[in-house]
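Notes follow once the structure below has been shown.
Any read-out appearing in this document is the output of simple, stated calculations on the displayed coordinates, not a laboratory observation. Keep in mind the model is a prediction, meaning the values are calculated, not measured. Cβ coordinates were reconstructed from backbone atoms using ideal geometry, including for glycine residues, and neighbour counts include every protein chain displayed.
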Amino acid sequence: MALPSLPSGYDVTKHVRVKRTDCLLAVGFDREQRRIPRFLIQLHYQSDTEPIKWEEIARMDHNETAMLGHNVYREGLHVDASRRTKSTVHLQLAHSPLPQSRGTVIRACSDYLHREADYFIEVYEERIAPGSPPRWPDGGNLTPTFNVSETSTPGYEPRIACGRCTFG
């Protein structure tokens, strides 16, 4: 079976099976001594079988080394959710303080995308609106708010913020 591409440019990459046979996680992270300065977790969906076609439908990332990188410890967790015919949306997740162990955070993000694969498929197929992502396991400690930023990345719709982070 053809598999989706692994993230490129990371020290460690691997595929991780999920509960659905038409989904697969691709994980990549860097190691600097005993630290993990950046990681990427992608949820891929097999959108077609003849020929096999994989689509990245959701991603979570952290990059404290790049000027424009996303630092989950300062900005909070988010998921970039793709849609079949519309632009990708940025969904902020409300959560309690994250553990300092990047490995624990990577595992929690992988578990979240694994557990919520059905939701992200529904968003990708545009059967549901992406405005209310499933709750992070700790439930978050803040009341969700809806904020739209003044700016957005080309190809993205205005950012949707649910929780403590406001972009813009």
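Within region 59-68, identify whether any single residue is surrounded by fewer than 18 Cβ atoms within 10 Å (Cβ to Cβ) and in contact (Cβ under 8 Å) with a residue 60 or more places away in the chain, and answer yes or no. Among the residues of region 59-68, not one is surrounded by fewer than 18 Cβ atoms within 10 Å (Cβ to Cβ) and in contact (Cβ under 8 Å) with a residue 60 or more places away in the chain, which makes the answer no. Quick check on residue 17: is it more than 14 Å from the chain's Cα centre (by Cα) and under 18 Å from residue 111 (Cα atoms)? Here the answer is yes, as residue 17 does meet what is asked. Of the helices (runs of 4 or more DSSP H) lying entirely inside region 27-127, the ones with 2 or more residues being within 15 Å of residue 10 (Cβ to Cβ) are found at 102-115. Restricting to region 89-98, name every residue that is surrounded by 11 or more Cβ atoms within 10 Å (Cβ to Cβ) and over 17 Å from the mean Cα position of the chain (by Cα). Correct list: 96 only. Considering only region 8-19, I want to know if a residue exists there that is surrounded by 12 or more Cβ atoms within 10 Å (Cβ to Cβ), in contact with a helix residue (DSSP H, G or I) (Cβ under 6 Å, 6 or more places away or on another chain) and outside any strand (DSSP E or B). Within region 8-19 (the criterion being surrounded by 12 or more Cβ atoms within 10 Å (Cβ to Cβ), in contact with a helix residue (DSSP H, G or I) (Cβ under 6 Å, 6 or more places away or on another chain) and outside any strand (DSSP E or B)), the answer is yes, since at least one residue qualifies.
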